Amino acid sequence: MSPRLSLKFAFAAATILAAFGGVGHAAPQPTTPAQDKAAITAVMSEYNQALNASSTNDCLALYAEDGVFMPPYSPSAVGKAAVRQAYEHVFKTITLHVKFTIAEIVEMSPQWAFVRTNSAGTNKVNATGAMSAEGNQELFIFKKGADGQWKIERYSFSPTNPPHE
């Protein structure tokens, strides 16, 4: 093969690989807003189940690598290692039985969305067994990854129940 033909072949191969995202990495298919809303709703359902199961691993699977968990009265947990440590502390301290209600899902762009929720139920203090009502308002910020999966990028919440006296 002549050097000129070889160069053309290399250029054509590089163009094809770039167009398809490299070998074995097909670009995610475009989705509709309704499909994105359904996918985000499914993640919220999985998160609700993981929280009620006190499963740190299941919660972490729903977070982006650089996700941030911002519980009240605590510093932000930034990145998976810190988020893991924060959830381990939460689940060591309390057992939750809550239900999330989605108030709104707003897709801000094809890769970013936020979800505003309310949750209600009970929590049990593991050290004493004391039960109390649990109620929060939450804000989740989601990002769609290169794999087309929606993940939690940021999560913050605040109590809606009056403080215990």
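What to note about this one:
- Within segment 108-165, the set of residues being among the hydroxyl-bearing types (S, T, Y) and in contact with a Ser or Thr (Cβ under 8 Å, 6 or more places away or on another chain) comprises T117, S119, T122, S132.
- Residue check for T56: polar (S, T, N, Q) and touching a helix residue (DSSP H, G or I) at 6+ places or on another chain (Cβ under 8 Å): yes
- Test for S74: is it more than 15 Å from K151 (Cβ to Cβ) and in a loop (DSSP other than H, G, I, E, B): yes
- Residue count, segment 94-115 (criterion: in contact (Cβ under 8 Å) with a residue 24 or more places away in the chain and open to solvent by 60 Å² or more (accessible area, probe 1.4 Å)): 7
- All positions within segment 122-151 that are under 15 Å from F100 (Cα atoms) and either in contact with a helix residue (DSSP H, G or I) (Cβ under 6 Å, 6 or more places away or on another chain) or in contact (Cβ under 8 Å) with a residue 40 or more places away in the chain (or both): F140
- For segment 58-74, the criterion of a residue being surrounded by 12 or more Cβ atoms within 10 Å (Cβ to Cβ) and farther than 27 Å from T31 by Cβ is satisfied by at least one position.
- Considering residues of segment 1-39 that are in contact with an Asp or Glu (Cβ under 8 Å, 6 or more places away or on another chain) and either part of a helix (DSSP H, G or I) or modelled with pLDDT of 90 or more (or both) only, the residue least open to solvent (accessible area, probe 1.4 Å): D36
- Residue within segment 99-109 that is within 30 Å of P30 (Cβ to Cβ) and of a type in the set (S, T, N, Q) present: yes
The values are calculated or read from the model by the stated rules, or taken from the named source; none is laboratory data. None of these values were measured; they are calculated from a predicted model. Every residue, glycine among them, receives a Cβ derived from its backbone with ideal geometry; neighbour counts consider all protein chains shown. Remember, those area values only see protein heavy atoms, side chains included, never the ligands or the DNA or RNA. Shrake-Rupley method; radii C 1.70, N 1.55, O 1.52, S 1.80 Å.
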